[in-house]
Each structure stands twice: as C-alpha cells, then as structure tokens.
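Trainee: First, the structure itself, so that you have it in front of you.
The values are calculated or read from the model by the stated rules, or taken from the named source; none is laboratory data. None of these values were measured; they are calculated from a predicted model. With ideal geometry, Cβ positions are generated from the backbone for all residues, glycine too; neighbour counts draw on all protein chains shown. Side chains included, ligands, DNA and RNA excluded: accessible areas come from the protein's heavy atoms. Shrake-Rupley method; radii C 1.70, N 1.55, O 1.52, S 1.80 Å.
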Amino acid sequence: MIRLRGIIPAIAAEAVLTFGLARLIGTPAVWSALIALPIALVLLLMLTTPAGIEPLWSAPPVPPSAATHLEASTLASRLDDAMVDKGRFRGRVQPRLATLALALLRGRPGMADLPDLTDGRAVAALGPELHALLTNPAATLPEPPVLLALLTRLEAP
C-alpha cells in the first residue's frame, strides 16, 4: 500500500514541472506532462520507500589483513619455540602470562587489592596447575590443548 505522504509532493512536482515546461520552454501541455511524469514517479518512489529497504550507507567491514595472519603465525611460532626452549618460556612467555593473569584477577570483584600471584586468593582463583605454570621457575610450557584448558580459568569469574 502506498503511503499518502508521497502522493501530494509527487502531484505537486508533476504540476510545477508541467507548468514550467509549458510556460518557460513553450512545449505543449500534453508533452510537458509526459516529460514531467517520470520525474514525479521517481519522487513518489523515493518518498514511499519503506524504511527497511532504504540503503545502508556505511562502509563494508574490513577483511582480515595479511598483518593479522602474520601476527597469529608469529605468536604460534613463538609459543612453539617456548615449548622447546625452556629459557625462552621462563624469560618471555611466563612473565607476560603472569602479568596478564594478575591484571585479570585484579579486575574481579573483591580482588582489586591483590598484591601478586603468591596471595592465597590468587592461588585459589587460578588453581594449582595454572598457578604453578605462572609462578614456578622450573615450569615448562604444556601442550597447546592443556595450555588452553588452563588459560580458560582466567576467563571464568
């Protein structure tokens, strides 16, 4: 059903264009009306288009770039190196994981004053395996499925 809000402006545009063409250019009234008709119909179509069909003038989402894939592959290779090289794990990966875990724990309710991961609340929240992985100097990086299972404890409140 055509909404009435577009009919009156379309008729007015038809009349103005017909009168203008006939008066200013001198075309016969029938020809002026036929020339103005498509313009009036386009105006009617524009004014009666439902809101759901109006075009969305936003930029398309940006596809993942090669840099994103490069970062993921670099991280995977670094974790693979840390699994083999215990010093790399203890020197680079373990301190970063511990800093991340401490920040996430401090964001939980009642743990904002957590001094470090040796606090009893941190041990209880992390569980013995994850706590040992983050704090024990002799810890080694576990296999990826085990590491994933341990790190999901950080996401749980």
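Trainee: Any idea how far apart Thr118 and Arg23 come out in nm if each label point goes 7 Å out from Cα toward Cβ?
Mentor: For Thr118 paired with Arg23, the spin-label model returns 9.3 nm.
Trainee: According to the Cα gyration tensor, what semi-axes, each the square root of 5 times an eigenvalue, does the equivalent ellipsoid of the stretch 83-151 have, listed from largest to smallest in whole Å?
Mentor: Computed over the stretch 83-151, the values are 22, 12, 10 Å.
Trainee: Give the carbon-plus-sulfur fraction of the accessible surface of the chain in %, rounded to a whole number; probe 1.4 Å, heavy atoms of protein chains only.
Mentor: Within the chain, the accessible surface is 71 percent carbon and sulfur.
Trainee: Which value, in Å², gives the accessible area per residue of the chain when a 1.4 Å probe is used on the protein heavy atoms?
Mentor: 70 Å²
Trainee: Now a separate question. Over all alpha-carbon pairs in the chain, figure out the percentage whose distance exceeds 23 Å. Could the numbers behind the result be given before it?
Mentor: Details: 7837 of 12246 pairs.
The proportion of pairs with Cα distances above 23 Å equals 64 percent.
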